[in-house]
Structure formats: structure tokens, C-alpha cells
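**Q** Structure in C-alpha cells, see below.
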Amino acid sequence: MSPRLHLVRHGQGSHELEPLQENQQRPDPVLTDLGVQQCKAFNAAFPEYIHIDLVCASPMRRAILTAKYCFASALQRTGSILLLPLAQEDSAAPADTGSAPEVLRAEFGDLVDLSMVKEGWNIKEGVNAPTPQALRERARKLRHELQLRPEKEVAVVSHGTFLQYLIGNVDADGQSDEAWTHQEWRSYKFVTDDGGEARLVEEQESVIRRHVLA
């Protein structure tokens, strides 16, 4: 049976602080102190009855750190964070471009599983190009990968715009009528459409939860 996905947007990154134009030129930024504090609060409040079997994240620093702090309790059971290159940011800006595998290995060590992160994963070409067409294809590939996971409860930390592609909430131009807030958490189940493609449907409990917390 396909796993249930718990999708989370990363916490506040240092590239989101003023002066924005300057900070967005910094490659692969980390979380702010506020972002770390909010992620720790998320971990303390995450329901104990949901037993996360696997923690995944975009291989970008802010997503890795969000997974580290938001799912600290789960990681005591599951071990390392599985890094998913397909879950990376959508643009080619320096702040949205990740670090080389050896840099991540030196910085995070055994905290991360780099088995899927190959040299050149952060080059914004092909499926990783910053275009609506490529983003839709990348989202399709990631849904397929995740649908085949053997775990029952999977957490995935990614980025606001890409999460919209992952759940299929964008128009032909890649625009959406909503945005994900920092550390926003939504839960989804897989369904298969008439063409055999995997789609995600938000659970009713998740819809209610995020409207209550809004």
C-alpha cells in the first residue's frame, strides 16, 4: 500500500531577511534563529500518534535543518534524513541552488542519507530546469518515487513553490492561488488517475487542521 505523505515547507531562511536583494545572492542559505525555534516548537507539538517511518528532505540546507528540528523525535527512531534531489527549489537563483554532495557530507555527516544525491544534482538543467514544464515533470517523478516507498508514514520537507507542483495546485503558467507558510504541514494520500499517474489528495483531517491553525 502507498504511504501517507506529510508535506512540510521549510522554516524561515536567512535569504528571506532584509536586505532581500543582497541575502538572496547567498548560495544555499541556512535557517534563521527564529526558523530554528519554530521548527523545535513544531517537533514538540507534532502528534505522538503519527509514527513517522521515514524523514525526507530537499538536499538544501534550510530543508535539511527543518527536517532535523521538526522531526527530531522521529529521527531518533528512523536514523538519517533521506535527501531527495527532485524535491529541491524551483529557481536558479543563488539562494535556491544547493550545495555539492561532498559539501553536504562534510557539513551534516550521518544525519543525511546522500544515496540519491549525485554530482551535478544542483545544476538547473533538464528535469531541474526552472520552467513550469520541467517542474511539473519533476513533481510527477517524485510522486512516482514516493508512491513506491514501503514505509507507511513519510515526512517530506520541501519548498513552497515546488510543493504546489507536487500536489498539482498550479495552472498552465505555474501560478497558484495560495502559498505555503513556514513549517506548514499538510497530509496527503495517493490515488491513481485514469491514466495510471499518481496524484495526491489532501486528507480531510489535514484540511481542517490547517484552517483551524490559520
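A short reminder: the numbers here are calculations on the coordinates, not readings from a lab. These figures come from a predicted structure and were not determined experimentally. Quick reminder, even Gly has a Cβ in these numbers, built from the backbone with ideal geometry, and neighbours come from all protein chains shown.
**Q** Can you pull out the GluC sites (Glu not before Pro) in the stretch 65-136 whose DSSP state is coil and whose Cβ has at most 13 other Cβ atoms within 10 Å?
**A** Here the sparse-neighbourhood loop sites are Glu119, Glu125.
**Q** With springs only between Cα atoms under 10 Å apart, run a GNM on the chain and tell me which of Gly195, Gly13, Gly120 wobbles the most.
**A** Gly195
**Q** Still on this structure, please answer the following. So, R0 is 41 Å and r is the distance between the beta-carbons of Glu119 and Gln204; what FRET efficiency does that work out to, to 0.05?
**A** 0.45
**Q** Now for a different question. Comparing Thr161, Thr181, Thr97, which has the greatest mean-square fluctuation in the GNM of the chain with Cα pairs linked when under 10 Å apart?
**A** Per the Cα network of the chain with a 10 Å cutoff, Thr181 tops the list.
**Q** Starting from the Cα-Cα distance between Asn23 and Asp173, subtract it from 0.36 nm times their residue separation and give me the gain in nm to one decimal.
**A** 51.3 nm
**Q** Still on this model: Using a Gaussian network model of the chain with C-alpha springs under 10 Å, which one of Ala198, Ala87, Ala63 is most mobile by mean-square fluctuation?
**A** Its mean-square fluctuation being the largest, the pick is Ala198.
**Q** If the convex hull of the alpha-carbon atoms of the stretch 144-214 is projected onto planes in all directions, what is the mean projected area in square nanometres?
**A** If I average the Cα hull's projected area over directions, I get 5.6 nm².
**Q** Also, I was wondering about something else. Once the dipole of the stretch 4-213 is set up with Lys and Arg at +1 and Asp and Glu at -1 on Cβ about the Cα centre, which of Gly35, Thr131, Leu111 lies farthest towards its positive end?
**A** Leu111
**Q** If contacts are Cα pairs under 8 angstrom and at least 6 residues apart, what is the relative contact order of the chain in percent?
**A** 29 percent
**Q** Report the convex hull volume per residue for the chain, counting only C-alpha atoms, in Å³.
**A** Residue-normalised Cα hull volume stands at 128 Å³.
**Q** Would you kindly derive the ³J(HN,Hα) couplings of the stretch 34-50 from the backbone phi angles with the Karplus curve 6.51 cos²θ - 1.76 cosθ + 1.60 (θ = phi - 60°), listing them in order in whole Hz, with x for Gly and Pro?
**A** 5, x, 4, 4, 5, 5, 5, 5, 4, 4, 5, 9, 5, x, 5, 6, 9
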